[in-house]
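J.: Submitted below is the structure of interest, expressed as structure tokens.
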Amino acid sequence: MTARSKPHRRAAALAAVCAVTLVSGCSLAPLYERPAAPIPTSYPVDAQSPDPRPANQPAPGGPAPGGKAASVLRSTAWCTQFPDPVLRRLVASALEHNRDLKLAAARVVEARALHGIQSASRLPTVALEGTTTHPARNNESAHQVGVTLAAYELDFFGKAQSLSDAALHEYLATEQAQRAARISVVAEVVRGYVLERAAAARVELARRAIASRTAAVALLTRRVAAGVSSPLELEQARSLVGTADTDLIEQQLVHARAEQALALLTGYGDGAGTKDAPPFTSAAFGAGWGVMQAGLPSELLTARPDIVAAEQRLQAANAQIGAARAAFFPSIRLTGMGGVASGELSSLFTAGNLALQVVPQVSLPIFDGGRNQANLDLARARESSAVIEYERTIQTAFREVSDALAGQASLERDVAARTALREVEARRRTMTMNRYLAGAVGYLEVLDVERSLFAADQALLDARRARLETAAALYLALGGCPAVSG
């Protein structure tokens, strides 16, 4: 007899313990240990978002600890109580009517039912049955009524327990997928609201440009009539009006599409419009709008639903190994019946007709062509894939948070710089127009400064939009609003 390998000896010893103790559900699944997070312990220094508090105002609970890995406390007021009632109404409508969320909820119900089916297999199936048989060779009949037990497998080696655990973790992963869908929809509503407000601001900017340039045409018309300006300057001014007209048409189309996208996100529910929304100005969408600060990367492991879901799937794969291991060991099934039996239907329920039958069935795998070993190899391979998927999900989350933090910090500076540039261009336009009216410069310089001011206005709007889109991206990357500690 050849010596058995160590894994076989360990499995045999574990099987003996389970059989001796008769513990139903003695699991052969490996002991689960969470893999180490394959990311740094802190976000890059240049990716930390700015603190919106004044420099002389301490952080809540005192100053934050020093060092790169210090966790920055932050207020969750922005993402739990959005800045204006219109956005809050839009988010509420999306959470109630969005079809992606309804689909995610339906999948949770489906996963819960599958878990219920798998859990039910651990319990015996008992039924009340009655039979009547008429043998062909004689006239004797047999009548039987009783409670039957249909091929109930004793779960000595935890196969049913492992399959039930796997179904439970798949169900929990589906629940996390629903939570991820909810966070994603909220982030998309915030982003859609920002895009719609920015598009509306561009429409208003184009209208102001038309009004300003139309006034310039009227002024030049009078100056041409007085012989002060040339007809060429008048045509140049009219060209600017035409450019503004075409820009207005383009921006109105962009705004209409942004409105429809937002309406789709909110499920076309009641109160999904933005007619009473505030204008896209620094007063309504200032530096504190959407500013969020992250803590430690390790906090993502419980905050991000996709990471939690990936770990649940990893635990499900771990449980499947236990089910595959259990297939190597004997299975014991019980089929039984307890009730009454009689040859005469009229005397079926009289005393002395009690009948009890228990049929145990033991099955020990001897040769299966390597099927059980292949199933075990498959379960182990799937667990390895689940580990890689879990680690990749963590790394993706770290990158998304780092990118969003870096974008939030740099875009704050970009908005400030473009605001200053716009003020410079506005002053330059005023001075250039005064010099033109005084006859010191030609109208070509006025045209140049008009274009520069319009471009500066558009660039400032784009910078504000990008900053607020980054706020929505950071909300999504952090897994929504973390719980406030302390």
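J.: What are the residues in the stretch 430-439 that are among the hydrophobic types (A, V, I, L, M, F, W, C) and surrounded by 13 or more Cβ atoms within 10 Å (Cβ to Cβ), if any?
T.: Hits for the stretch 430-439 are 433, 437.
J.: Looking at 427, 418, 413, which is the one that is touching a Leu at 6+ places or on another chain (Cβ under 8 Å) and open to solvent by 50 Å² or more (accessible area, probe 1.4 Å)?
T.: 418
J.: Of the residues 449, 424, 387, which single one is over 30 Å from residue 211 (Cβ atoms), assigned to a helix (DSSP H, G or I) and of a type outside the set (D, E, K, R)?
T.: The unique qualifying residue is 387.
J.: For the stretch 315-353: of the residues being at pLDDT 80 or above and of a type in the set (Ser, Thr, Tyr), which is surrounded by the fewest Cβ atoms within 10 Å (Cβ to Cβ)?
T.: Filtering first and then ranking leaves 335.
J.: Now a separate question. Among 207, 223, 202, 191, which is more than 28 Å from residue 472 (Cα to Cα), among the basic types (Lys, Arg) and at pLDDT 90 or above?
T.: 207
J.: So if I check each of 232, 195, 220, which one is open to solvent by less than 30 Å² (accessible area, probe 1.4 Å) and of a type in the set (A, V, I, L, M, F, W, C)?
T.: Going through 232, 195, 220 in turn, the sole match is 220.
J.: Only one residue in 108, 86, 145 is more than 30 Å from residue 326 (Cβ to Cβ), modelled with pLDDT of 80 or more and either touching an Asp or Glu at 6+ places or on another chain (Cβ under 9 Å) or surrounded by 13 or more Cβ atoms within 10 Å (Cβ to Cβ) (or both). Which one? Let's see the steps before the verdict.
T.: Numbers: 108 fails: more than 30 Å from residue 326 (Cβ to Cβ); 145 fails: modelled with pLDDT of 80 or more.
Every option except 86 fails the conditions.
J.: Of the residues 208, 182, 191, only one is free of Cβ contacts under 8 Å to residues at least 24 places away in the same chain and either of a type outside the set (S, T, N, Q) or over 30 Å from residue 115 (Cα atoms) (or both); which?
T.: On inspection, the qualifying residue turns out to be 208.
J.: If a residue has to be within 17 Å of the chain's Cα centre (by Cα) and open to solvent by 40 Å² or more (accessible area, probe 1.4 Å) to count, how many in the stretch 400-410 make the cut?
T.: Total satisfying the criteria: 1.
J.: A further question on this structure: Filter the stretch 253-310 down to residues that are at pLDDT 80 or above and of a type in the set (Asp, Glu) and give me whichever is least open to solvent (accessible area, probe 1.4 Å).
T.: Result: 306.
J.: Residue check: is residue 397 open to solvent by less than 40 Å² (accessible area, probe 1.4 Å) and at pLDDT 90 or above?
T.: For residue 397, the condition - open to solvent by less than 40 Å² (accessible area, probe 1.4 Å) and at pLDDT 90 or above - is met.
The values are calculated or read from the model by the stated rules, or taken from the named source; none is laboratory data. Predicted model, so just to flag it, every value in this text is computed and none were measured. Positions of Cβ are backbone-derived with ideal geometry, glycine not excepted, and every protein chain shown enters the neighbour counts. Areas reflect the complete protein model, heavy atoms only, side chains present, ligands, DNA and RNA absent. Shrake-Rupley method; radii C 1.70, N 1.55, O 1.52, S 1.80 Å.
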